[in-house]
Amino acid sequence: MSKETVLTGLNARAPGYVPEWRPSSPDAGTALAHIWAELFSGTLERFERLPGNCRRALLDMMGSEAKPALPARGVLAFQAGGERVRVPAGTGTASPGNPDAVLETERDLDVSPALIDAVFYASPSRGAVTRYPGRENIALFGAEAPEPHIWTFRHPYAFRVSERSSLRLRVEPESAGALLCDHTAVWEAGGEDGWEVFPARPGGRGILLNLPPGQGAERQTLRVTLPGGAASNAAISSVTALPGGNALFPDAVYAGDTQLSGDRAYPFDKRFIPGLCFYVACGDAFDKPGADIELSFHLSFEDFPIEGYPEVQIRLKKLMKAAELE
C-alpha cells in the first residue's frame with residue numbers, strides 16, 4: 001500500500017475524529033500525518049511480503065531450491081502464400097490472444113508452399129519399399145507388414161516402486177484385448193539398467209500386469225511388443241497404476257520427533273499430549289503427484305494408569321444406622 005493510499009484513508013476518517021482539522025491546511029497536524037503515512041506504508045509493504053518470506057524460509061529449511069528461470073519454448077507453424085519464404089533466426093512472433101508474449105525462432109527456416117505428393121514405407125526385413133497411393137488413413141502397420149508393433153508407456157514416477165513393494169498396471173484396450181496378453185506379446189519394464197520381462201494376465205475389462213519390485217527411481221518406461229500384423233486395429237483406452245497386494249506399508253512412522261518401530265505403535269505416545277503430531281512416510285505412495293491414496297489404520301484401545309500420582313484412599317463414615325437407611 002502506497003503513502004498516497006494511506007493519506008487518502010486518513011483524510012476520509014479525519015472528520016469523524018477531529019472535525020476542526022483540515023487536512024489541506026499546512027499545519028503541524030498535516031506534517032504529522034505525512035510522517036505517519038510514510039512510516040506506516042513501509043510497515044504495510046513489509047507485512048505484505050511476510051507470507052512469501054515465510055514460504056521461502058520453509059522451503060530453505062526443507063532443502064528445496066528454486067529452479068532457474070527458463071525461456072518458454074513452443075512449436076511454430078508457418079504457412080506460405082504462393083512462393084517460397086525464408087524466415088531468419090530471431091524472427092519474433094506473437095499470439096493474438098497474448099500479444100505481450102513474443103517467441104523468436106531459433107534457426108533459419110524455409111517456408112515452402114509445396115505439398116506431400118507420396119508416402120513410402122521401407123521394410124528392411126523384406127527388402128522392399130511400398131508406396132501408399134493416398135495421404136489419409138494410412139495404416140503403417142497393416143497386415144502386409146511383418147514388422148513388430150511396439151507400444152511404449154513412459155511416466156516420470158508412476159512405475160517406480162521400492163524393493164518392499166510391487167505394482168500392478170491395469171491396461172484397458174478398446175478392441176483386440178486378448179492380443180495384449182497372448183503368449184506372443186512381450187511386456188517389459190525398463191530403465192537405465194536395461195529391460196526386464198514380466199507376465200501379463202486378463203483381469204476384469206482389461207489386463208493386469210504384475211511389475212516386479214526393484215529398479216527404484218530408474219524405472220520410467222514400459223513397453224509391449226507384438227508380432228507384425230497382429231494389432232493393426234487395437235487401441236488402448238486407459239492405463240491405471242495400482243499398488244501390488246492389499247496395501248503399501250509405510251517406510252517410517254513418527255510420533256513427534258520419535259520414530260516408532262514394531263507392528264504396534266502409539267501415534268500420540270502412551271500419554272496424550274496436546275499438539276503432538278503423527279507422521280507417516282511412504283515413498284512408494286507420496287512421491288506420485290496426482291495419485292489417489294487411501295490411508296487405513298487398525299485401531300485398538302488400551303488403558304494406561306496415570307503414573308506419578310499417589311492413590312487416594314477413600315475413608316467412609318457412617319452417618320446413620322442401617323435401619324434408618326432402609
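Descriptive notes on the structure:
- Total residues in region 250-301, condition open to solvent by 90 Å² or more (accessible area, probe 1.4 Å) and not in a loop (DSSP other than H, G, I, E, B): 3
- Residue within region 216-239 that is open to solvent by 40 Å² or more (accessible area, probe 1.4 Å), under 20 Å from Ala291 (Cβ atoms) and modelled with pLDDT of 70 or more present: yes
- Every residue from region 51-63 that is open to solvent by 90 Å² or more (accessible area, probe 1.4 Å) and either in contact with an Asp or Glu (Cβ under 9 Å, 6 or more places away or on another chain) or in a loop (DSSP other than H, G, I, E, B) (or both): Met62
- Test result for Leu44, over 24 Å from Glu106 (Cβ atoms), surrounded by 11 or more Cβ atoms within 10 Å (Cβ to Cβ) and not acidic (Asp, Glu): yes
- Residues that are part of a helix (DSSP H, G or I) and among the acidic types (Asp, Glu) do not occur anywhere in region 20-28.
- Pairs where the first residue, in region 64-86, is under 22 Å from Val102 (Cα atoms) and open to solvent by 100 Å² or more (accessible area, probe 1.4 Å) and the second is modelled with pLDDT of 80 or more and not in a loop (DSSP other than H, G, I, E, B), C-beta under 7 Å, 6+ apart: Arg86/Asp110
- Single unsatisfied condition, Ile35 versus (1) aliphatic (A, V, I, L, M); (2) in a helix (DSSP H, G or I); (3) more than 30 Å from Ala12 (Cα to Cα); (4) open to solvent by 70 Å² or more (accessible area, probe 1.4 Å): (3)
- Residues that are among the charged types (D, E, K, R), open to solvent by 50 Å² or more (accessible area, probe 1.4 Å) and either over 40 Å from the mean Cα position of the chain (by Cα) or at pLDDT below 80 (or both) within region 101-150 comprise Asp117, Arg126, Arg131, Arg135, Glu136, Glu144, listed in sequence order.
The values are calculated or read from the model by the stated rules, or taken from the named source; none is laboratory data. Given the structure is predicted, the values throughout are model-derived calculations rather than measurements. For neighbour counting, all protein chains shown are included, and Cβ atoms are generated from backbone atoms with ideal geometry for every residue, glycine included. Keep in mind that these areas ignore ligands, DNA and RNA; they rest on the heavy atoms of the full protein, side chains included. Shrake-Rupley method; radii C 1.70, N 1.55, O 1.52, S 1.80 Å.
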